[in-house]
1. Need pairs with beta-carbon distance below 6 Å; first residue assigned by TED's automatic domain parsing to the domain that holds His254 and in contact (Cβ under 8 Å) with a residue 60 or more places away in the chain and within the range 182-193, second exposed (fewer than 14 other Cβ atoms within 10 Å of the Cβ) and outside any helix (DSSP H, G or I); sequence gap 6+ or separate chains.
2. Within the range 108-118, identify whether any single residue is of a type in the set (S, T, N, Q), part of a helix (DSSP H, G or I) and touching a residue at least 12 places away in the same chain (Cβ under 8 Å), and answer yes or no.
3. Report the residue count in the range 127-168 for those that are in contact with a strand residue (DSSP E or B) (Cβ under 6 Å, 6 or more places away or on another chain) and part of a loop (DSSP other than H, G, I, E, B).
4. From the list Ser43, Ser67, which one is assigned to a loop (DSSP other than H, G, I, E, B) and small (Gly, Ala, Ser)?
5. Against the condition in contact with a helix residue (DSSP H, G or I) (Cβ under 6 Å, 6 or more places away or on another chain) and either in contact (Cβ under 8 Å) with a residue 12 or more places away in the chain or over 22 Å from Arg185 (Cα atoms) (or both), how does Leu50 come out, does it pass?
6. Would you pick out the residues in the range 204-235 that are within 14 Å of Ile291 (Cβ to Cβ) and in contact with a Cys (Cβ under 8 Å, 6 or more places away or on another chain)?
7. Does Thr40 count as among the polar types (S, T, N, Q), surrounded by 22 or more Cβ atoms within 10 Å (Cβ to Cβ) and over 22 Å from Pro168 (Cα atoms)?
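The values are calculated or read from the model by the stated rules, or taken from the named source; none is laboratory data. Treat the numbers as computed from the prediction; the structure is a model and nothing was measured. Note that we place each Cβ from the backbone using ideal geometry, even for glycine, and neighbour counts take in every protein chain shown.
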Amino acid sequence: MKAKIIYFSQQGGTQTIAEQIGVGIRTAGDDCDLAALKDTDPSNPGDFDLLGIGCPVFFFKEPFNVSDFMDALPRVDGKYAFVFITHGATPAGTLASMWKRLEDKGYHVLGAHNSYSDSHQIPIYPYPTHTTGHPDEQDRAEARAFGQKMAEISRRISAGETNLIPEPIAAPEGWWTEQSIALDRESLAETFPKFSIDPDRCTECLICEEVCPVDGIGVQEEQPRIQNPCIFCFHCVMQCPEVAIQADWESLMHLVPEIFERYFNNLDAAEKRGEFRRITAREDIHIDDPIFKQRERERAARDGKE
């Protein structure tokens, strides 16, 4: 059988898991191609018998570009699929949502996998953070085992063991369910401060354009464009070498203590269940020193040496 894994990854954690799932599929004796979501046409995703789609969790669900991609896939008749995610505290209902999107397209979804991954994409968060160090070797080994299992199950089902097709997973209950619904594109646009490009800092290196997953930035246009469209991934902010993409991050800092208390409570519970391995000590996480401040200090120090 031939498998294809399509993934959305920014900091590299999801890509690592995708690659390891691919290793597992090949270990089982199947071919497996990997492709970045941005480089894949959803109307013609390629030739495969088994499709895997993976992404990080954004705002307690799959990112908007991933849900848009899955909704744009053509209908199929009984092909096999699996879903996987990386996250910083909870899968929330992401896997259940992705599972349903593929089922609605006619796929037999055979499984779902989640892994912790370093969560350092949001400028108001501290770094190191609660999942810094993930995915580690155990995470990678679990991904390889999952890939091998998906290949073996799909082969057995193709041979007639249709009783192996699992029932859809249900979204777990929790406070995140309400949050995932509330945090839609419109509410996020109202919640987060608007971005601007500081012309005194911007060198028009175009890195922000290159890394935007939805082509929402046009620095050299007659009217410079940013956040049009936007999935609130903040990758442009984090990747700009000159820290030229500015926003009023201070206005959100009052939210961080409550957010991290929830994260810590979730991870404490997961650790007790044996589902989470703490790599970064809690005392090394300083929520009053967010990444946007760290990057400004780094820029100032760099400029002071020039």
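1. none
2. No, every residue in the range 108-118 fails to be of a type in the set (S, T, N, Q), part of a helix (DSSP H, G or I) and touching a residue at least 12 places away in the same chain (Cβ under 8 Å).
3. Residues of the range 127-168 in contact with a strand residue (DSSP E or B) (Cβ under 6 Å, 6 or more places away or on another chain): 131, 134-135, 139, 146, 150, 153-154, 165.
When the remaining residues are screened for being part of a loop (DSSP other than H, G, I, E, B), the result is 131, 134-135, 165.
Residues meeting the conditions: 4.
4. On inspection, the qualifying residue turns out to be Ser43.
5. yes
6. His235
7. Working: among the polar types (S, T, N, Q): yes; surrounded by 22 or more Cβ atoms within 10 Å (Cβ to Cβ): no; over 22 Å from Pro168 (Cα atoms): yes.
Spelling it out, it is not the case that Thr40 is among the polar types (S, T, N, Q), surrounded by 22 or more Cβ atoms within 10 Å (Cβ to Cβ) and over 22 Å from Pro168 (Cα atoms).
Per-residue answers, yes or no, for (1) assigned by TED's automatic domain parsing to the domain that holds Arg273; (2) more than 14 Å from the chain's Cα centre (by Cα); (3) not charged (D, E, K, R):
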| position | (1), (2), (3) |
| --- | --- |
| Phe60 | no, no, yes |
| Met70 | no, yes, yes |
| Leu73 | no, yes, yes |
| Tyr80 | no, yes, yes |
| Gly88 | no, no, yes |
| Lys105 | no, yes, no |
| Val109 | no, yes, yes |
| Ile122 | no, no, yes |
| Tyr127 | no, yes, yes |
